[in-house]
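Below: one structure, written as structure tokens.
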Amino acid sequence: RFIVNEMYWQRPDGPVFLFVGGEGPIYDFDVLAGHHVDMAKEHRALLLAVEHRFYGDSINPDGLKTENLADLSSQQALADLAVVHQYISQSFNLSCRNTWISFGGSYSGSLSAWLRGKFPSLVYGAVASSAPVKAKLDFSEYNNVVGLSLINEAVGGSEKCLAKVREAFVLVEAALIDGNFTKVAADFGCCQTPRNPDDQSELMQNLADIIMGTVQYNEEGVLMSIKELCGVMTNESEEKEAEMEAYNHLVKLSQIYRSTSQEQCLDISHEKTVKDLMDTSLKTRRRAERQWTYQTCTEFGFYQTCEDTACPFSGMLTLQAQTKLCARVFGISQNSLPARIAFTNSYYGGDNPHTHRVLYVNGGVDPWKELSVVQDSSEEAQTVFIKDTAHCADMSRERLTDHHSLRKARQEIENHVTRWLRTAAQEKMNNRGELL
């Protein structure tokens with residue numbers, strides 16, 4: 001599935017801005033709003049968004065069955081983009097005079113960079129925002145960055161905030177070790193009582209996810225910002241049980257999360273998680289967990305573990321617990337994962353890709369920056385680093401509340417795109433001169 005917006009396009013030679021779809025559906029919004037759309041207006045570009053195979057509406061009726069998922073991969077997605085390029089070129093009578101630039105964020109940011117690397121004749125330049133181009137099995141750095149962001153005063157964090165988060169998780173773990181399952185279930189509004197270790201890990205993952213999501217997206221229109229989260233965790237209360245203060249603050253945080261996300265209770269059943277992942281019916285198409293989990297098992301890893309001491313959460317979030325889902329849900333052996341990830345990195349170049357005219361954009365608060373390209377390691381890699389912003393912040397349209405560093409970064413991105421288009425036009429002029 002693809003969506004086209006011709007509103008700003010200057011026929012017949014205007015450029016094409018390709019918005020690459022990632023691990024979810026594409027929306028009309030993807031060609032109507034965002035920084036790439038603002039640039040398309042300025043450069044009179046044709047806008048195109050392409051959905052990733054096996055996501056959104058781009059799924060065959062029996063596509064989610066395990067035997068059919070063999071066709072779900074980043075390599076196939078890039079081949080799809082090449083075919084769509086050909087189709088759109090024919091449909092709109094495009095020629096070599098139309099310069100293509102690709103855009104994407106997060107996984108689709110990686111695809112944008114890889115498209116330029118693997119099909120350099122199709123896209124002239126690529127913007128890759130918050131793109132984890134390096135596959136990694138045990139991505140423990142993710143939660144280490146979450147911890148560092150919680151103490152970052154520039155975004156509302158503090159040493160006290162991180163200390164309270166750590167303490168809260170220690171107290172929840174202690175309550176479970178002491179067998180206070182019913183109390184913990186009642187406190188956190190769980191749908192089930194966490195009696196067995198798998199459900200306990202699920203609870204810990206759920207609680208960690210609230211904090212991980214807050215840090216990753218910070219002020220990008222999510223539930224709350226780091227500043228607000230730290231406000232809840234460090235609130236000085238006149239509690240009788242001072243030693244349980246951090247625990248109670250985490251309870252409060254989960255209540256805020258539940259009421260905002262309108263979840264009746266916190267679902268911590270590990271069996272239900274497995275059952276949902278094994279659901280091959282298309283009614284789950286909007287959720288995409290099954291497909292994305294398959295890609296983590298076959299290509300990327302990206303498991304956000306908590307086994308190292310820098311992690312602010314619970315040691316129950318282990319690599320073993322996360323990778324055993326690969327075997328259980330897809331029959332993919334845990335032992336095969338390192339080789340699969342090594343292949344991905346050798347195929348694309350990891351975080352040292354030899355690509356020309358790819359711009360890697362990252363935010364300092366974003367944990368995914370650890371797997372991206374954050375400094376100009378060579379002549380080939382170009383980077384923009386935005387000190388105190390979150391995941392994919394540069395991709396949204398300008399807001400009055402944007403930090404100066406974010407405005408400046410968007411201007412840098414615009415300068416790169418303008419320069420690429422100018423160089424492409426110059427090259428075409430030269431080629432035409434040679435032909436004459």
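Name the residues in region 308-339 that are open to solvent by 60 Å² or more (accessible area, probe 1.4 Å) and in contact with a strand residue (DSSP E or B) (Cβ under 8 Å, 6 or more places away or on another chain), would you?
Pro338, the sole residue that qualifies.
For region 51-76, name all the residues that are at negative phi, open to solvent by less than 10 Å² (accessible area, probe 1.4 Å) and touching a Gly at 6+ places or on another chain (Cβ under 9 Å).
Within region 51-76, His52, Tyr55, Leu69, Leu72 meet the criteria.
Exactly one condition in (1) in contact with a Leu (Cβ under 7 Å, 6 or more places away or on another chain); (2) surrounded by 18 or more Cβ atoms within 10 Å (Cβ to Cβ); (3) not β-branched (Val, Ile, Thr) is false for Arg258; which is it?
All conditions are met except number (2).
Please work out which residue is farthest from Val358 (Cα to Cα), limiting yourself to region 387-413 and to residues that are assigned to a helix (DSSP H, G or I) and open to solvent by 40 Å² or more (accessible area, probe 1.4 Å).
The residue in question is His404.
Would it be correct to say that Glu23 is among the charged types (D, E, K, R) and either open to solvent by less than 20 Å² (accessible area, probe 1.4 Å) or touching a helix residue (DSSP H, G or I) at 6+ places or on another chain (Cβ under 8 Å) (or both)?
Here the answer is yes, as Glu23 does meet what is asked.
I'd like the residue in region 134-159 that is among the charged types (D, E, K, R) and touching a helix residue (DSSP H, G or I) at 6+ places or on another chain (Cβ under 8 Å) and, out of all such residues, is farthest from Lys252 (Cα to Cα).
Here the residue is Lys134.
Select from region 414-427 the residues that are of a type in the set (Ser, Thr, Tyr) and open to solvent by less than 40 Å² (accessible area, probe 1.4 Å) and list them in ascending order.
Passing the criteria: only Thr418.
The values are calculated or read from the model by the stated rules, or taken from the named source; none is laboratory data. Keep in mind that what you see is a predicted model, and the values were worked out from it rather than measured. Please note: Cβ atoms are built from the backbone with ideal geometry, for glycine as well, and neighbour counts cover all protein chains shown. Surface accessibility is based on the protein's heavy atoms, side chains included, excluding ligands, DNA and RNA. Shrake-Rupley method; radii C 1.70, N 1.55, O 1.52, S 1.80 Å.
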